[in-house]
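Input: a single structure, listed below in structure tokens.
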Amino acid sequence: MRTLFRCTLRRVVQVFRDTGSAGRKEGTGLTTKRTPELTENVRQIMDDAPRTSLRVLSQLTGVSVGTCQKIVKKDLHLFPYRLTCVQELFEVDYPRRVTFCRWFLQNFHDDLLDKTFFIDEAWFYLNGYVNLQNMRM
């Protein structure tokens, strides 16, 4: 621990002697690979195959997965879609829902906000199990 502090202190002192400031030198960071040409290439790939994973995109473009993720999120504003399971509604359900909504609006008053509604949820898989935690598009 002590030697790490000494190395850091020596480096800061050397930077101060060279530049007159303890701040970082200009241009010491990595060059960016997020060029407009690469962004357009990624856009074309995602337009052709929107379900392309970041790993496959990385292999196709020849840049890291992190760079691909930054291009997709920050430049193209694309985000993964999360699948949501909902209850299927039938024709007979719509009049019941309208009736409930009208009842709720008529009986809505200030003390109703103090009461709590509880919903008992159950999951039924008619077409097989879907792991929603890992299902992203």
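Some notes on this structure:
- Pair list, Cβ < 9 Å and 6+ apart or interchain, from segment 61-77 residues that are among the basic types (K, R) to residues that are surrounded by fewer than 17 Cβ atoms within 10 Å (Cβ to Cβ): K70/R34; K73/F79; K74/R34
- Restricting segment 66-111 to residues that are of a type in the set (D, E, K, R) and part of a loop (DSSP other than H, G, I, E, B), the residue that is modelled with the highest pLDDT: E91
- Within segment 44-58, being over 19 Å from the mean Cα position of the chain (by Cα) and surrounded by 13 or more Cβ atoms within 10 Å (Cβ to Cβ) holds for one residue alone: I45.
The values are calculated or read from the model by the stated rules, or taken from the named source; none is laboratory data. As the structure is a prediction and not an experimental result, all values here were calculated from the model. Backbone-built Cβ (ideal geometry, glycine too); neighbour counts: all protein chains shown.
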